[in-house]
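Written below as structure tokens is the structure these notes are about.
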Amino acid sequence: MAETLPVASESPAGCKARAARNVLGQVVLPGEELLLPEQEETDGVGVAGERPLRLNAGMRSRLRVVCGPGLRRCGDRLLVTKCGRLRHKESGSGSSGGIYWVDSQQKRYVPVKGDHVIGIVTAKSGDIFKVDVGGSEPASLSYLAFEGATKRNRPNVQVGDLIYGQFVVANKDMEPEMVCIDSCGRANGMGVIGQDGLLFKVTLGLIRKLLAPDCEIIQEVGKLYPLEIVFGMNGRIWVKAKTIQQTLILANILEACEHMTTEQRKQIFARLAES
């Protein structure tokens, strides 16, 4: 006869679930299950005052949690899918919960809904453009996904053009889909990037660092030369300055900033400012 074995509060990785507040900034491993502090009542497995994060608890819980990259919803649980440091950001309303994500140094970009990326048009199939975004498969881009585009007024997009757009569909079971308009139908800076300039690739961690609101690197770079620059969350940067020499200098600086200390970076910018 089959025996009924007791089930412990363990994650698929074989270790007990850990409280998210105790591991913020620490390394988490794929398969771990996260626990959040109990807000209203203790009704689940875990240590006293904590329960597994239940995303579909209904009216019983007032906890609003947004799952970011590296976390996956599995029923009423929240599982870690990447190895990295657990991060948390409080919600704007001030309620407990907020946004949780895993900060990891992965090499291949995984499309995320809402991310702004730089892609390369690789093929044109009927009314759909195939765009290489650096992921496991190309993204699709409709010719109607441009500002002012109609069936008669089609955008001038050729194979090899650079496209700056955002994802509206990014699912592991579906082909990613891009658009070059916002929710109001405006381009808002998206579309075909100019022919001049230089496109190069950096790590995903450096992109997140450069796009941080308090990043000093971009402010210092902007003081050197007049420039145009586009950042893609997929690790691609497009930059254009007045001359080719200035463009190459800016590209080399941005690539090297990831491995520089603050003092080293200030010395480099001081030398360039003098010259």
Original post:
Which FRET efficiency value, to the nearest 0.05, is calculated for Ala123 and Ile244 with the Förster distance at 41 angstrom and r the Cβ-Cβ distance?
Top reply: 0.85
Original post:
With labels modelled as points extended 7 Å from the Cα through the Cβ direction, what inter-label distance (nm, one decimal) is found for Ser136 paired with Gln106?
Top reply: 0.9
**OP:** May I ask you to derive the relative contact order of segment 115-192, considering only C-alpha pairs under 8 Å and at least 6 residues apart, and to give it as an integer percent?
**Re:** 31
**OP:** Please label the shape of segment 73-161 as rounded, prolate or oblate, based on the square roots a ≥ b ≥ c of the eigenvalues of the alpha-carbon gyration tensor (a/c under 1.5 means rounded; beyond that, a/b larger than b/c means prolate, else oblate).
**Re:** prolate
**OP:** Write down the accessible area per residue of segment 198-274 in Å², having rolled a 1.4 Å probe over the full set of protein chains.
**Re:** 56
Subject >> Calculated log₁₀ intensity ratio I(q)/I(0) where the Debye formula runs over C-alpha points of segment 198-274, q = 0.18 Å⁻¹ >> reply: -0.69
**OP:** Could you pull the accessible area for Ser104 with a 1.4 Å probe, rounded to 10 Å²?
**Re:** 10
Subject >> Inter-label distance, nm, simple model (7 Å from Cα along the C-beta direction), Ser91/Gln219 >> reply: 3.2
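The values are calculated or read from the model by the stated rules, or taken from the named source; none is laboratory data. Small disclaimer: the values here were computed from a predicted structure and weren't measured. Here Cβ is always computed from backbone atoms with ideal geometry, including for glycine, and neighbour counts include all displayed protein chains. When the accessible area is computed, the model is the full protein with side chains, heavy atoms only, and any ligands, DNA or RNA have been set aside. Shrake-Rupley method; radii C 1.70, N 1.55, O 1.52, S 1.80 Å.
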